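Structure record follows, encoded as structure tokens.
The values are calculated or read from the model by the stated rules, or taken from the named source; none is laboratory data. Fair warning: this is a prediction, and the values are worked out from it, not measured in the lab. Positions of Cβ are backbone-derived with ideal geometry, glycine not excepted, and every protein chain shown enters the neighbour counts. When the accessible area is computed, the model is the full protein with side chains, heavy atoms only, and any ligands, DNA or RNA have been set aside. Shrake-Rupley method; radii C 1.70, N 1.55, O 1.52, S 1.80 Å.
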Amino acid sequence: MIKYKTAEEIEIMRQAALVVSRTLGKVAEIIRPGITLLELDKMAEAYIRSQDAIPGFLGLYGCPSTLLISVNEQVVHGLPTERTIQEGDIVSVDCGAIYKGYYGDHAYTFAIGKISEAKQKLLDVTLECLYLGIEQATTSNRIEDIGWAIQTHAEKHGYGVVRELVGHGLGKTLHEDPQVPNYGKRGRGKKIMNGLTIAIEPMINMGTEKVIQLEDNWTIVTADGQPSAHFEHDIAVVDGKPVILSTFEYIEEALAKKND
């Protein structure tokens, strides 16, 4: 059952999302070749707690970390370890926080130093997919219109769209109804209504859409070992249109300073 939110609830969810946005901005400040995934995770936990919030992933479904960090061929759900980030990597950082009982949950894939043209195109197209999907989240449409837009754009570039993992409703729990696939047919699925709050999160692979779960029972990797990218925003439908509750502005500001 879909739990539609009031204006008051949506405002709390905006604040929860912004805790995550600021946390990802802090990640952007320090992510670099030579830093370990665990260092990023420890910083993120401390920062979230400093914001009167609680790490949203830590302990959920047995998750041992605040961040889920996925490098190169890892799609999502990578666990932080002592692995050192390298020049040329692409690194997806997924973060959740609970603020006043509501979840924020979004993700960004970072380019580490100079990356290949092929990886940069993958990042660019996946980010485009995110915003094309968001544009479809209107009360004139249905849920699969979101996935249709994402799938069409990704496959136009020859990329694989992950089927096993999807976006989702968001609220007092991390995963609410409805599921929001990154593929679909126009005009199919639940009607989009005002008060809907969802996480839209294209997971796009450079090669095959097929994925494999590693023996840690968390990390998902591409079946062909090619890179994958992942971007995610939190959305509320207000007055018939999508409102983005999260922001990449903190990330962009931090990256711009580093590049000065």
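Worth pointing out:
- Residues whose placed amide H lies under 5 Å from that of Ser65, excluding near-sequence neighbours: Gly59
- Ligands, DNA and RNA left out, the accessible area of the chain computed with a 1.4 Å probe is 50% carbon and sulfur.
- Backbone phi angles across the stretch 77-83, fed through the Karplus curve with coefficients 6.51, -1.76 and 1.60 (θ = phi - 60°), yield HN-Hα couplings of 6, x, 8, x, 9, 7, 4 Hz in residue order; Gly and Pro are listed as x.
- Rounded to the nearest Hz, the phi-derived 3J(HN,Hα) couplings of the stretch 185-196 under the Karplus curve 6.51 cos²θ - 1.76 cosθ + 1.60 (θ = phi - 60°) are 10, 4, x, 10, x, 5, 5, 7, 10, 4, x, 5, where x marks glycine and proline.
- Proportion of all alpha-carbon pairs of the chain beyond 30 Å (%): 21
- Å² of accessible area per residue within the stretch 1-156, as computed with a 1.4 Å probe and no ligands counted: 41
- With q set to 0.22 Å⁻¹, the log10 of I(q)/I(0) for the stretch 171-260, from the Debye formula over equal scatterers at the Cα positions, is -1.17.
- Long pairs among Lys185/Lys210; Lys3/Lys185; Lys119/Lys172; Lys114/Lys156; Lys26/Lys121; Lys190/Lys210, criterion Cα-Cα beyond 29 Å: Lys119/Lys172
- Karplus 3J(HN,Hα) series, Hz, for the stretch 20-36 with 6.51 cos²θ - 1.76 cosθ + 1.60 (x for Gly, Pro): 5, 4, 5, 4, 5, x, 5, 4, 4, 5, 10, 5, 5, x, x, 7, 8
- Net charge dipole size for the stretch 1-114 [Lys, Arg +1 and Asp, Glu -1 on Cβ; Debye, nearest 20]: 180
- Dipole magnitude for the stretch 7-259: about 340 debye, using +1 per Lys or Arg Cβ and -1 per Asp or Glu Cβ, origin at the Cα centre.
- Among Leu58, Leu214, Val243 - extreme Cα towards positive end, dipole of the chain, charges at beta-carbon: Val243
- Here the relative contact order of the stretch 7-259, from alpha carbon pairs under 8 Å that lie six or more residues apart, stands at 23 percent.
- A full extension of the chain between Leu214 and Lys241 corresponds to an added length of 5.8 nm, given 0.36 nm per residue minus the alpha carbon distance.
- Other-chain or far-sequence residues with amide H under 5 Å of Gly56's (modelled H): Gly96, Ala97, Ile98
- Distant-in-sequence amide contacts of Leu196, defined by a placed amide H-H separation under 5 Å and a gap of 5 or more residues or a different chain, comprise Lys5, Val237.
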